[in-house]
Amino acid sequence: ELLRRMIRESLKTSNVRVEVVSGYIWRFAKKEGASIFFRGIRTWEKDGKEERTLQILNTWGPLILGPTWPVPTIYLEGKPEYNHISSTLIRKICNEGGKAPKDSLASLVPGSVAGSIAKLY
């Protein structure tokens with residue numbers, strides 16, 4: 001729900017939605033009629049190993065378990081000035097104490113959800 005709220009408040013578009021999926025994402029994508037995956041990454045250096053593993057699963061899974069053709073993936077690299085931001089950094093800020101986590105998170109996440117994220121961790 002938090003991610004849905006961030007998207008709703010940050011984007012001025014109606015063609016983006018967030019779904020929590022269990023199981024193989026490619027099965028969900030096929031069921032929904034998706035023709036392409038878009039995946040956001042910081043950089044290939046930081047996220048490449050994990051993304052390659054997921055790409056292999058999303059490519060071979062449909063061929064072996066489908067049987068269906070895989071959904072192609074396009075990777076979107078984030079802006080370089082945000083590459084240091086990760087869930088690990090967010091957790092660290094929230095668990096450090098001291099300055100209110102909500103205030104510390106303000107420059108890293110949308111202000112409207114900073115308090116909710118701080119409570120989450």
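Residues considered: ILE93, ILE85. Of these, the only one that is open to solvent by less than 40 Å² (accessible area, probe 1.4 Å), in a loop (DSSP other than H, G, I, E, B) and modelled with pLDDT of 85 or more is ILE85.
Is at least one residue of the stretch 49-70 in contact with an Asp or Glu (Cβ under 8 Å, 6 or more places away or on another chain), part of a loop (DSSP other than H, G, I, E, B), modelled with pLDDT under 90 and surrounded by 14 or more Cβ atoms within 10 Å (Cβ to Cβ)? Checked the stretch 49-70: no residue is in contact with an Asp or Glu (Cβ under 8 Å, 6 or more places away or on another chain), part of a loop (DSSP other than H, G, I, E, B), modelled with pLDDT under 90 and surrounded by 14 or more Cβ atoms within 10 Å (Cβ to Cβ). Across the stretch 37-47, the number of residues qualifying as loosely packed, with under 14 Cβ neighbours inside 10 Å and part of a helix (DSSP H, G or I) comes to 2.
The values are calculated or read from the model by the stated rules, or taken from the named source; none is laboratory data. Quick caveat, the model's predicted, so the values are computed rather than measured. Glycine also receives a Cβ, built like all others from the backbone with ideal geometry; neighbour counts cover every protein chain displayed. Please note that ligands, DNA and RNA were not included when accessible areas were found on the heavy atoms of the full protein model with its side chains. Shrake-Rupley method; radii C 1.70, N 1.55, O 1.52, S 1.80 Å.
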